[in-house]
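Every number in this text was worked out from the coordinates using simple rules, so none of it is lab data. Because the structure is predicted, anything quoted here is derived from the model rather than measured. Here the Cβ positions follow ideal geometry from the backbone for every residue, glycine too, while neighbour counts run over all protein chains shown.
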Amino acid sequence: MVAKIEHKTRTGCPVACVLDIVGDHWTLLVIRNMMFLGLHEYKDMLETEEKISSSILSNRLKKLETDGLIASIDHPESKRRKLYYLTSMGKDLIHMMLEMVLWANRNIDHLLTIPEDKLLLLKNDPDKFKALVLVQIEEWEKEYLS
């Protein structure tokens, strides 16, 4: 396997540097799990439809923590388990994630399965959808991080 050379060592291009952090096949799905699906446990993320392997999930969670997009705490029921959550840097990806969803809905909607209530809100008031997602994240944080 060839070692990956990160763009940040070769270029100052913002797109290239962001791709160093979120540009693989699984990273944004892990972010999506926490942001839109409210999944914060390793075992729950393993059960998503995409069927990420345990080794890849473990690797991505470590990388996202190292890059500062997520953090973790001990699970309140067992110190052997962790709860993962988005940091402010991770939550700031909501703008990009929402634009990706809207782009997909405009261009490849025949492939998508978005619940009807969320789809209507996304189409009619994306800012309200974004605000609701952030409120849900905040409520989770109040319950587990306080």
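Farthest toward the positive end of the dipole of segment 75-146, out of V135, H75, A104, is the Cα of H75, where the dipole comes from beta carbon charges about the Cα centre.
Across segment 37-104, counting alpha-carbon atoms alone, Rg and Dmax equal 13.0, 40 Å. I need the Debye-formula profile for the chain: one equal scatterer per C-alpha, no solvent, reported as log10 I(q)/I(0) at q = 0.11, 0.17, 0.19, 0.21 1/Å, two decimals. Treating every Cα as an identical point scatterer, log10 I(q)/I(0) equals -0.47, -1.10, -1.30, -1.46. Taking 0.36 nm per residue of sequence separation and removing the Cα-Cα distance, the K130/R81 pair yields an extension gain of 14.7 nm.
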